[in-house]
1. Looking only at the range 195-233, how many residues end up being charged (D, E, K, R), assigned to a helix (DSSP H, G or I) and surrounded by fewer than 16 Cβ atoms within 10 Å (Cβ to Cβ)?
2. Note down all Cβ pairs under 9 Å where the first residue falls in the range 248-271 and is closer than 18 Å to Trp193 by Cβ, the second is in a loop (DSSP other than H, G, I, E, B) and β-branched (Val, Ile, Thr), and they're at least six residues apart or on different chains.
3. Out of all the residues in the range 28-37, is one or more more than 17 Å from the chain's Cα centre (by Cα) and at pLDDT below 90?
4. Given the condition assigned by TED's automatic domain parsing to the domain that holds Gln72, in contact (Cβ under 8 Å) with a residue 12 or more places away in the chain and assigned to a helix (DSSP H, G or I), answer yes or no: does some residue in the range 114-129 qualify?
5. Name the residues in the range 155-207 that are farther than 27 Å from Glu19 by Cα and among the basic types (Lys, Arg), would you?
6. Given the criteria free of Cβ contacts under 8 Å to residues at least 12 places away in the same chain, surrounded by fewer than 16 Cβ atoms within 10 Å (Cβ to Cβ) and either in contact with a strand residue (DSSP E or B) (Cβ under 9 Å, 6 or more places away or on another chain) or assigned to a strand (DSSP E or B) (or both), does Lys59 qualify?
7. Can you tell me which of Gln21, Gln28 is farther than 22 Å from Ala137 by Cα and exposed (fewer than 14 other Cβ atoms within 10 Å of the Cβ)?
8. Just the residues that are outside any loop (DSSP other than H, G, I, E, B), without any contact (Cβ under 8 Å) to a residue 24 or more places away in the chain and not acidic (Asp, Glu), please, taken from the range 150-182.
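The values are calculated or read from the model by the stated rules, or taken from the named source; none is laboratory data. Fair warning: this is a prediction, and the values are worked out from it, not measured in the lab. Virtual Cβ from ideal backbone geometry, glycine too; neighbours counted across all protein chains shown.
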Amino acid sequence: MQPDHSDIGGTILAFYKPENQIVAFSVQQSIDDLFLQRMVVDQQRPRKIKVYIGHVFRKNNPLFVTLTSNAQGTAVYLNGGLVRTLPRFGLSSDDLNGQLFVGNHPLVENGWQGQIRSLAIYNRALTETEVLQHYNAWRTNQNAEIKNEGPIELYLFNEGSGTTVHNQVNSENDLRIPGHFFVLHAPFLERPWDEFQPSWSYWKNVLINIGGFVPLGFFFCAYFVSVRRLNRVALATIVLGGVVSLTIEVLQAFLPTRDSGMTDLITNTLGTVIGTALYSSKSVQAIFAAAGLGGLLQPNSPERSTSLSGTSSTSRRTG
């Protein structure tokens, strides 16, 4: 493979099980790290096992990656050399069953930017000598040696045109290129525990979603107080924030570059609550009163009732 960037990520390949709606195994780029993820089901609950091999991607530099797995675990080779052994990351044939996705994730928009030159899958673990031989053969004759070594799946990505990437071993497993970009199995209102990631980018998005709805809660609370004169202003504002967030998440389910999840629904509603509480606080009301913004005070307050009564009485005497 040859990445276009060394500072962003994306899914290079993934094996998806539609019957379980899980990605059993995936190979990804995370900034400049090689990121491997395997889904293990323990007591009917899926659990993700993640491994990072640091600082391996360089912009426009080809990288030959080989993963071999047996009873002792998985070995990771880069450009023919062993760089990491993973004794608790053993792969099975079941991990490589299902639908094969190349260049993007089946459930979310996570496209990889780069070129995949070839992909070979074997039904046995390659030896260290074979890995080095394959790398040397690929450098000199682009897959000639690999093709003769008996892979069960082999994609050379050398078609140059069309909508099919041909499997050189079995045409029934050709890869199909869609006419337009979309996420094939995009989740609808994904559960918070499935969306959670222990990373700064995840918490950054959480804070952005909360902060983005604080103004909505603040100003709509002011609107409902001063214009609509509702009785349950706080409740109406929070419900409005939740409805707006739900509408956004439903619409995002139909957009290929956006995700639909319940985490955003929760954080956006929380932001609305904070905005409503901020407007209702005594400090903010004192600022409004000092600035002479009486119309932004709570309706039917004693101050407003006295003022309106006095104005009405004066008008009658003048008449």
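1. Initially, the range 195-233 is screened for residues charged (D, E, K, R), giving 195, 204, 228-229, 232.
Next, only the ones that are assigned to a helix (DSSP H, G or I) stay: 195, 204, 228.
Now narrow it down to the ones that are surrounded by fewer than 16 Cβ atoms within 10 Å (Cβ to Cβ): 204, 228.
Within the range 195-233, residues that are charged (D, E, K, R), assigned to a helix (DSSP H, G or I) and surrounded by fewer than 16 Cβ atoms within 10 Å (Cβ to Cβ) number 2.
2. Matching pairs, first to second residue: Asp259/Val108; Asp259/Val183.
3. Applying the first criterion (more than 17 Å from the chain's Cα centre (by Cα)) to the range 28-37 yields 32-34.
Applying the additional criterion that residues be at pLDDT below 90 yields none.
The answer is no; no qualifying residue exists.
4. yes
5. Lys204
6. On the way: free of Cβ contacts under 8 Å to residues at least 12 places away in the same chain: no; surrounded by fewer than 16 Cβ atoms within 10 Å (Cβ to Cβ): yes; either in contact with a strand residue (DSSP E or B) (Cβ under 9 Å, 6 or more places away or on another chain) or assigned to a strand (DSSP E or B) (or both): yes.
So Lys59 fails the test.
7. Details: Gln28 fails: exposed (fewer than 14 other Cβ atoms within 10 Å of the Cβ).
On inspection, the qualifying residue turns out to be Gln21.
8. Listed by number, the residues that qualify are Thr164, Asn167, Ser171, Arg176.
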